[in-house]
Amino acid sequence: MSTLNIQQLVTDFPLVEKLIALDDVSWFNPNITTLAEGLPYVGLDNTDIKDASDRLKRFAPYLAKAFPETAKTNGIIESDVVAIPAMKTVLDQQYNIEIQGTLLLKKDSHLPISGSIKARGGIYEVLTHAEKLAIQAGLLSESDDYSKLFTDEFRAFFKQFSIAVGSTGNLGMSIGIMSAKLGFSVSVHMSADARQWKKDKLRSHGVIVVEYKEDYGVAVAQGRKEAEKDPTCFFIDDENSPTLFLGYSVAGERLKSQFEAMNILVDELHPLFVYLPCGVGGGPGGVAFGLKMAFGDNVHCIFAEPTHSPCMLLGIHTGLHDEISVQDIGIDNITAADGLAVGRASGFVGRAMERLLDGFYTISDERMYHHLGELSKYEDIQLEPSALAGMLGPVVVSDNEEYLQRIQMDEQKLKNATHLVWATGGGMVPSEEMASYLAKSGI
Ligand SMILES: *Cc1c(COP(=O)(O)O)cnc(C)c1O
């Protein structure tokens, strides 16, 4: 935005100066409300989540057949929750604090089909579109066994339609693989930071990969433009899609039943803190929405962004949302956390969720790599750099007395707390690539 006066912005929001300096910053949202107060601004509710959840159940027999790796969960794409006590000890020592409560990891990194959190929203949006087309054509009804979609007849039907998306990598993987499997012609517009192996993998699935020298914003804009030329083309809009958002939100009820099975209590005396890496915002925003609907005011969601791409923190803190980008304040949006390399946040997600998010912080690439190495060494879990952004969260929260007092966390509640780091990607990183990540970690 050309009219932006940075001097004025820094005067109004001193935190912006620290963002510009690429410091590790945190900001705990003073404007947070209860779920009851904040929900009307989201514009979606439990009915919408149930609709998404039911749709995923209808597709489960298809997914179990089309992707045999999902057969053991009967076609439901879900990830494990694991305790990471050794990592907690490492964090305690490294930052010279004591994280109270239990430290857990949500392994969306190992979700089937595409190995990242995008296997929630991305796949869901493709399925929603496919269902709509098939029902409109009179080929499918909601009471059918959807495994019938895994036939040449349906592949030939979907072949008449195309799907396009702009991506830094993981969204393209989810949408590309899912769309190609159904039979769609699919093109993925990829930003410069997207990894070569992701492009190769997509091409091996028959996906058209269009490469750009620019960042995510440009890839999305170009993809949208290309799609507009083709009336049979459906453009998946990562920046503004309530459908993607709802696909992610189903994670809330799923986590709730996982916690019940694990005897993990979440209530007023047993708070849950969740740390979510944020790029454009759809993934963490949708998950946070689902978590709020599942656990109410007892869950506290905190977003993590790279110091070089703090778009959501910038947008919500200044209230400018998608009217400001990190580049506007001179930040380069260059980070090894490719899933998070987004300069301008989703305006939809920021405006919908700003009252329901407890806080935001930034983390340097060096720290992400460092935690990547530690998690591999001490817990034998391998993730991509983006997925480590949440690992600093329990430290940031434990260290902020002002915030903990404001939300009335006494010592007992903190002892009972669960800290859940959302690991968002890395399960499909080739071993040579992982070896180079580990080498960079210095661990
Ligand atoms: C996409 C992505 C995120 C963040 O999701 P957004 O919807 O872009 O905010 C986090 N981690 C990884 C690994 C991702 O691919």
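The values are calculated or read from the model by the stated rules, or taken from the named source; none is laboratory data. Keep in mind that this is a model prediction, so the values were computed, not measured. Cβ atoms come from the backbone with ideal geometry, glycine included; neighbour counts cover every protein chain shown. What goes into the accessible areas is simple: the full protein's heavy atoms, side chains included, and nothing from ligands, DNA or RNA. Shrake-Rupley method; radii C 1.70, N 1.55, O 1.52, S 1.80 Å.
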Taking 0.36 nm per residue of separation between ASP54 and LYS213 and subtracting their Cα-Cα distance, the length gained on full extension comes to 53.3 nm
Most positive-pole-ward Cα, GLY425, GLY393, LEU314, against dipole of the chain from beta carbon charges = GLY425
Any idea what the dipole of the chain comes to, in debye rounded to 20, about its Cα centre with Lys/Arg Cβ at +1 and Asp/Glu Cβ at -1?
-> 1300 debye
The chain: Kirkwood hydrodynamic radius (Cα pairs, Å) comes out at 21.9 Å
Positive-end extreme of charge dipole, segment 1-67 - chosen from ALA36, LEU15, SER26 (charges on Cβ) | ALA36
Fraction of accessible area attributable to carbon and sulfur, the chain (%, probe 1.4 Å) = 50 percent
With every protein chain left in place, what is the accessible area of CYS311 in Å² (1.4 Å probe, nearest 10)?
-> 0 Å²
Mean Cβ neighbour count within 10 Å, used as a protection proxy, ranking 357-363, 117-123, 46-52 highest first = 117-123, 357-363, 46-52
To the nearest Å², the heavy-atom accessible area per residue of segment 233-375 with 1.4 Å probe amounts to 25 Å²
In debye to the nearest 20, how big a dipole does segment 118-240 give about its Cα centre with +1 on each Lys and Arg Cβ and -1 on each Asp and Glu Cβ?
-> 400 debye
Specify the residue with the greatest mean-square fluctuation among ASP152, ASP338, ASP297, computed from a Gaussian network of the chain linking alpha-carbon atoms under 10 Å apart.
-> ASP152
Measuring from centroid to centroid over Cα atoms, what is the spacing of segment 124-172 and segment 216-284 in Å?
-> 20 Å
Between GLU323 and ASN46, what FRET efficiency comes out of the Förster formula 1/(1 + (r/R0)^6) with R0 = 30 Å and r the beta carbon distance, rounded to 0.05?
-> 0.45
Estimated inter-spin distance, ASP399 and ASN74, nm [label 7 Å along Cα→Cβ] = 4.5 nm
Rounded to whole Å², per residue accessible area for segment 115-162 with a 1.4 Å probe reads 41 Å²
In the P(r) worked out for segment 187-267, what percent of Cα pairs fall beyond 21 Å?
-> 50 percent
Between the DSSP loop rule and a limit of at most 13 other Cβ atoms within 10 Å, which GluC sites (Glu not before Pro) in segment 247-349 are left?
-> GLU268
Let me see the pair-distance distribution of segment 351-443: every alpha carbon pair, 10 Å bin width, integer percents in order.
-> 15, 40, 27, 16, 2
Given the pairs LYS50/LYS229; LYS107/LYS229; LYS65/LYS229; LYS148/LYS292; LYS118/LYS201; LYS57/LYS225, which span a C-alpha to C-alpha distance of over 27 angstrom in this model?
-> LYS50/LYS229; LYS107/LYS229; LYS65/LYS229; LYS148/LYS292; LYS57/LYS225
Fully extended contour minus Cα-Cα distance, from GLU153 to ASN5, at 0.36 nm per residue | 47.5 nm
Sequence neighbours fewer than 8 away in the same chain don't count; with that in mind, list the aspartates and glutamates whose C-alpha is under 16 Å from LYS415.
-> ASP92, GLU98, ASP267, GLU268, ASP399, GLU401
Calculate the all-directions average of the projected area of segment 143-299's alpha-carbon convex hull, and give it in nm².
-> 11.6 nm²
Given the candidates ALA192, GLY166, PHE234, the one whose Cα lies deepest towards the positive end of the charge dipole of segment 118-240, counting +1 at each Lys or Arg C-beta and -1 at each Asp or Glu C-beta, is ALA192
